[in-house]
Structure formats: C-alpha cells, structure tokens
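Heads up, the thing below is written out as structure tokens.
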Amino acid sequence: VSSNEAFVRLMSSTDPQFVLEELWEGNECQFVPDKKFKGADVMANTAESSASVEEIEADVTVVKADSVGPYDYVLIKINPDAESPAEVAVDWLQENDYDVFDSTATVLDPYLQKQMMLLAF
C-alpha cells in the first residue's frame with residue numbers, strides 16, 4: 001500500500017518540461033513570419049521565386065504556421081483542382097525541407113482527394 005504522494009513526486013520529477021525563451025530587441029514586440037515556409041500566404045512578397053515554385057505555391061495555401069512548445073507546425077491546404085494534388089503536396093514539403101518518403105504521394109492521395117488539409121511538423 002502506498003500513498004498518492006509517492007506518485008505525485010515521481011510524476012513531477014519525470015514529466016517533460018519545456019521552456020520557451022524569446023528575445024525581443026527594441027521596444028516593440030511584433031510577429032515576423034518564419035521565412036522557412038514558402039506557402040503563398042507567407043512568402044507573397046518574395047520576388048526571387050522561380051516559375052515552378054510559384055506554380056506550386058499557387059496550389060498550396062498555408063492556413064496556419066505556429067509553434068507548440070518546442071515544435072513548429074504548418075497546416076496546409078492543397079488546391080483540389082491541381083493536376084496532381086499529392087505531387088504538389090510532396091513538392092511543397094520537399095521545398096520546405098520536410099523529410100518525404102518515396103511512397104508519400106501514394107499515401108497522401110486518398111486524403112487529398114477528400115480535400116483534407118495536411119499538418120506538417
């Protein structure tokens with residue numbers, strides 16, 4: 001027989017803890033989107049894109065880009081009218097430095113046919 005206190009102490013010493021450190025320079029705090037994501041919403045003002053990247057971006061909408069604890073994530077929507085929505089998604093993920101397997105397009109295709117969004121992290 002044990003008391004609940006033993007489990008509370010064990011949990012408090014073994015639970016993962018995350019510390020978010022932010023450094024603000026100057027007197028104003030403002031959100032600056034991470035330039036890593038090349039979706040149409042985030043990179044609309046970038047003039048250095050090639051034609052093929054612009055075509056991909058026209059078919060990909062970054063719905064949301066944010067962080068949870070130490071993890072960054074992006075929610076994207078693929079244009080269902082794209083010639084190959086799964087290939088567009090794979091190309092965008094590769095352009096934005098996500099790890100993609102050879103079978104990713106095949107796996108994503110049924111979800112994109114149902115116009116589901118993708119969560120990348």
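The values are calculated or read from the model by the stated rules, or taken from the named source; none is laboratory data. Bear in mind that the values here come from a model prediction, so they are computed numbers and not experimental data. Cβ atoms come from the backbone with ideal geometry, glycine included; neighbour counts cover every protein chain shown. Just the protein is used for accessible areas: all its heavy atoms, side chains included, with ligands, DNA and RNA removed. Shrake-Rupley method; radii C 1.70, N 1.55, O 1.52, S 1.80 Å.
Can you tell me which residue within segment 61-84, out of those that are small (G, A, S) and part of a loop (DSSP other than H, G, I, E, B), is nearest to A105 (Cα to Cα)? Looking at the filtered set, the residue picked out is S84. Every condition in (1) at pLDDT 90 or above; (2) out of contact with any Leu (no Cβ under 6 Å at 6 or more places or on another chain); (3) surrounded by fewer than 18 Cβ atoms within 10 Å (Cβ to Cβ) holds for V68 except the one numbered (1). Counting only residues that are under 29 Å from V19 (Cβ atoms) and touching a strand residue (DSSP E or B) at 6+ places or on another chain (Cβ under 8 Å), segment 69-92 holds 5 of them. Listed by first and then second residue, the pairs with beta-carbon distance under 7 Å, at least 6 apart or on different chains, first residue in segment 69-89 and on the phi < 0 side of the Ramachandran plot and aliphatic (A, V, I, L, M), second in a loop (DSSP other than H, G, I, E, B) and open to solvent by 50 Å² or more (accessible area, probe 1.4 Å), are L75/M117; I76/M117. Just the residues that are touching a residue at least 24 places away in the same chain (Cβ under 8 Å) and more than 12 Å from the chain's Cα centre (by Cα), please, taken from segment 90-100. Across segment 90-100, the qualifying residues are D91, E95.
One line per residue, one yes/no per condition, for (1) under 17 Å from V62 (Cα atoms); (2) open to solvent by less than 100 Å² (accessible area, probe 1.4 Å):
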| residue | (1), (2) |
| --- | --- |
| N79 | yes, yes |
| P85 | yes, yes |
| V90 | yes, yes |
| L93 | yes, yes |
| D97 | yes, no |
| T104 | no, yes |
| D109 | no, yes |
| Q113 | no, no |
| M116 | yes, yes |
